[in-house]
Amino acid sequence: YGERAKVNLSLSDSRKSKNDMDFVLITRPKFYRGLAYSILGKLYHEVPGWPISFGNDNKSIVVLKKGIKANPNNRLNYLFLAEVYFNENRIKKALQTIATGFKVPFDNQFITEERYYLKKLKNLKKKIIKYQQFNNEFFL
């Protein structure tokens with residue numbers, strides 16, 4: 001029962017976060033470089049889908065692409081979008097998204113975040129390449 005209560009509480013928090021991000025996107029979509037798109041896209045990807053919760057990778061992709069369109073210099077959206085593509089086994093799209101994320105100009109206003117996101121992109125790329133190598137060896 002305790003574990004179920006924790007899950008229900010975290011899903012409740014997720015729903016509240018979703019509602020908050022929806023509100024931000026309506027009222028101030030460019031707030032903090034469009035971070036609400038990043039958070040909402042990540043939520044759609046991470047939470048379980050229907051009937052348990054609102055998770056939906058297709059919605060995640062749509063939201064993250066909107067975030068990129070609203071602010072193409074927010075590297076975080078590229079990272080999250082690449083993660084969704086990789087988890088959906090859309091390897092080529094994931095690698096293309098990572099490559100685009102690397103091309104985003106470095107924002108000296110957010111040095112710590114930029115370094116962190118670049119490191120995460122690099123690690124995700126390594127993970128995908130390793131995955132590809134394993135599949136190539138295994139299925140040959």
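Quick notes
- Lone qualifier among 124, 64, 43, 25 - being touching a Lys or Arg at 6+ places or on another chain (Cβ under 6 Å), within 27 Å of residue 10 (Cα to Cα) and not acidic (Asp, Glu): 43
- Residues that are under 17 Å from residue 33 (Cα atoms) and among the charged types (D, E, K, R) within the stretch 58-82 comprise 65, 66, 69, 75, listed in sequence order.
- In the stretch 11-52, residue most open to solvent (accessible area, probe 1.4 Å) [restricted to those that are of a type in the set (S, T, N, Q) and farther than 18 Å from residue 113 by Cβ]: 19
- Tallying residues that are aromatic (Phe, Trp, Tyr) and within 15 Å of the chain's Cα centre (by Cα) within the stretch 15-50 yields 2.
- Selection count where residues are among the polar types (S, T, N, Q), loosely packed, with under 12 Cβ neighbours inside 10 Å and farther than 18 Å from residue 34 by Cβ, scope the stretch 83-138: 6
- The one condition in (1) touching a residue at least 40 places away in the same chain (Cβ under 8 Å); (2) loosely packed, with under 12 Cβ neighbours inside 10 Å that residue 78 fails to fulfil: (2)
- Scanning the stretch 123-140 for residues that are among the acidic types (Asp, Glu), on the phi < 0 side of the Ramachandran plot and in contact with a helix residue (DSSP H, G or I) (Cβ under 8 Å, 6 or more places away or on another chain) turns up nothing.
- Of the residues making up the stretch 30-67, those that are on the phi > 0 side of the Ramachandran plot and touching a residue at least 24 places away in the same chain (Cβ under 8 Å) are 33, 34.
The values are calculated or read from the model by the stated rules, or taken from the named source; none is laboratory data. As the structure is a prediction and not an experimental result, all values here were calculated from the model. Methodologically, a virtual Cβ is constructed for each residue, glycine included, from the backbone with ideal geometry; neighbour enumeration extends over all protein chains shown. These accessible areas exclude ligands, DNA and RNA; they are computed on the full protein's heavy atoms, side chains included. Shrake-Rupley method; radii C 1.70, N 1.55, O 1.52, S 1.80 Å.
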